[in-house]
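The structure appears below as structure tokens.
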Amino acid sequence: MERVGLPSPLHPLITLVNYDENKPSLADAGSQYLLHFYKIAFKLRFNGKAKYGPGSYDFRDGGLAFVGPNQIVQLSDDLEEHEGYALYFHPDLFYKHPLASRIHRYGFFSYSVSEALFLSEKEKNVIKSVFESIATELETQTDHFSLNVLVSQIELLLHHCDRFYNRQFLTRNVTHHDLIDQMNAFLNERLNNEYALVSGLPTAQELAEQLKVSPRYLSDMLKSLTGQTTQQHIHLKMVEKAKEMLGSDRLTTADVAYALGFEHPQSFNKLFKQKTGMSPAVFRKLLNSN
């Protein structure tokens, strides 16, 4: 903190910076560094347009962005980037608490900056109150309850963020359903040509890159809107195509498996049965009996 001209933290494992009161030094602007902490940045307003998923939207009411540990970040040379609050906390803060085994469930620490959480005025007040409670606790003399209180406040903040992201997935469903349409078009194209035979089924990572979103954001968005993860959507499309191909008398079950990119027919048979409750051979018999 001292390197960028900010006051020393009140606690060795957590600090809350109010950038409206403490402007950082820009002497090292442009330099990159490895972040060992979790970071939650809370901006009360955004100036101009912010990129969100594949498009741009005008969000002047502020929001939240998240960074997880062991990520490379760059110090901005724009003072407007340093407005509002930034909460930093080290994983060691809660290593003896249940949160240590649960924090990986909060996928937004793996989202890209373009997938920020944009807040309504009411939501912004809720988040601000939690930040203020953390600030008050940090300024209180440390006692046996301090650590538990801080961890509880962080977990409350994460619960609110989870709820508000779920709201964002639902309220911005036009954008998200466009993403789902693009995803389905890509999967249909992949499964309807010979590319699958060469490269196998597309991965969740490949699909996210195609849609220009982070893998975790795509999976969380799909889970919220459809109840299925990215991998489950890929398998669903594969099964749909497999059923279509099994209707052809010219193709053996092995032919179908290889055409869909499976190296071993047994792997295809296992996945097909897992998703449909019957083997490809039994499915084909049912088709021929109708």
Take the residues in the stretch 237-266 that are loosely packed, with under 15 Cβ neighbours inside 10 Å and closer than 23 Å to Phe186 by Cβ; name whichever of them is farthest from the chain's Cα centre (by Cα).
Glu244
Options His144, His104, His160: the member that is under 14 Å from Phe66 (Cα atoms) and loosely packed, with under 13 Cβ neighbours inside 10 Å:
His104
Output the residues belonging to the stretch 142-171 that are more than 17 Å from Lys124 (Cβ to Cβ), more than 15 Å from the chain's Cα centre (by Cα) and of a type outside the set (A, V, I, L, M).
Thr142, Asp143, His144, Phe145, Ser146, Asn148, Ser152, Gln153, Glu155
Of everything in the stretch 195-230, what is more than 25 Å from Arg284 (Cα to Cα), surrounded by fewer than 17 Cβ atoms within 10 Å (Cβ to Cβ) and touching a helix residue (DSSP H, G or I) at 6+ places or on another chain (Cβ under 7 Å)? Give them in sequence order.
Gln205, Gln210, Ser224, Leu225, Gln228, Thr229
Of all the residues that make up the stretch 103-147, how many are part of a helix (DSSP H, G or I), without any contact (Cβ under 8 Å) to a residue 12 or more places away in the chain and charged (D, E, K, R)?
3
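Throughout, read-outs are computed from the coordinates displayed, never taken from laboratory work. Keep in mind that what you see is a predicted model, and the values were worked out from it rather than measured. A quick note on method: Cβ atoms are made from the backbone with ideal geometry, for glycine too, and the neighbour counts reach across all protein chains shown.
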